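Below is one structure, written out as C-alpha cells, with a few remarks after it.
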Amino acid sequence: MMVFVKLLLAHLLGDFLLQPTSWVLDKESKKHRSIYLYIHTLLHGALAMLFVWEKDFLIYATGLAVLHGFVDFLKLEFQTASTKRNWFLIDQLLHLVIIIGVCWLYTGTTIGEVVLSEKFWVILTAVIFLTKPSSFLIKNIISIWTPESRIDKNDDSLQNAGNYIGMLERLFVFYFFISGHFEAVGFLLAAKSIFRFGDLKEAKDRKLTEYVLIGTLLSFGIAILIGALSQLAL
C-alpha cells in the first residue's frame, strides 16, 4: 500500500506541481517534438525511484516512466480543443491504472487481495447505487409533486447541475456515515440549506420549497440507509 501512496505522490508532483504551464503549452504546440515531453517523462521516473528508493525498483520506475510518456504522447496526438477535457480524464485514469499495475508487479500483491475482497464489492455497489440509480429513484418518487416553476425550461441553472449535486451529497453522506463522522452529515445538510435559502426566498414559491425539501431529505435518507446496510454487510 505504501508503494502505491509514494507513486501516487510522485505522479501528483510530476504532473501538477513540477510541470510549469510553459511546458504544457510547448507540448500541446509541438507534440512529440517537444523536449519537455521527454523531460516530463524522465522526471516521473526519477520521482518514482526517489520516493520508493529501492535498488530493485529501478526497472519498474523505468517502465512506469516510459508508459507515462506514451500515454501523454497519445493524449497530445489525438486531443482536440473540443475533446481536451475528456482526454485529460482519460490520461489521468490511464496513469492511475499504470501505477496500480506497477504496484501489483513490484509488491506481488494479487488482484484478489485488493480488488476482489468482500469489502470492495460492498462499497462499489453502494457507491454505484448512490449515483444515477438513486437519482432516478428520487426523481420518480417526487415527480407527482413537481411544481410549475420546475417545469419552466427558461431557468439559468447549469445543465444537470441538480443531478450532480445530489450524487455528490449522497456520496459525502455515505462516506461520513461509514467512517463514523455523523456530525459532518449535519454540517453538510446545514451548508446546503444555507446555499438554497436565498434562491427559495427569492422565488417566493412554497411548493418549490417543499419540493426541494422532500428531494433533499430523500437524498440524505437514502445515503444514510445505504451506509447502514453497508456497515451490516461488512
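The values are calculated or read from the model by the stated rules, or taken from the named source; none is laboratory data. These figures come from a predicted structure and were not determined experimentally. Positions of Cβ are backbone-derived with ideal geometry, glycine not excepted, and every protein chain shown enters the neighbour counts. These area figures cover heavy atoms from the full protein model, side chains too; ligands, DNA and RNA do not enter into them. Shrake-Rupley method; radii C 1.70, N 1.55, O 1.52, S 1.80 Å.
Restricting attention to the stretch 44-82, and to residues there that are farther than 20 Å from ASP26 by Cβ and polar (S, T, N, Q), which single residue is nearest to the chain's Cα centre (by Cα)? The selected residue is SER82. Counting the residues of the stretch 39-59 that are in contact (Cβ under 8 Å) with a residue 12 or more places away in the chain, of a type in the set (Phe, Trp, Tyr) and open to solvent by 30 Å² or more (accessible area, probe 1.4 Å) gives 1. Candidates in the stretch 17-38 are the residues that are within 16 Å of VAL71 (Cβ to Cβ) and among the aliphatic types (A, V, I, L, M); of these, the one that is least open to solvent (accessible area, probe 1.4 Å) is LEU37. Scanning the stretch 1-50 for residues that are closer than 19 Å to ILE99 by Cα and in contact with a Ser or Thr (Cβ under 8 Å, 6 or more places away or on another chain) yields VAL3, GLY45.
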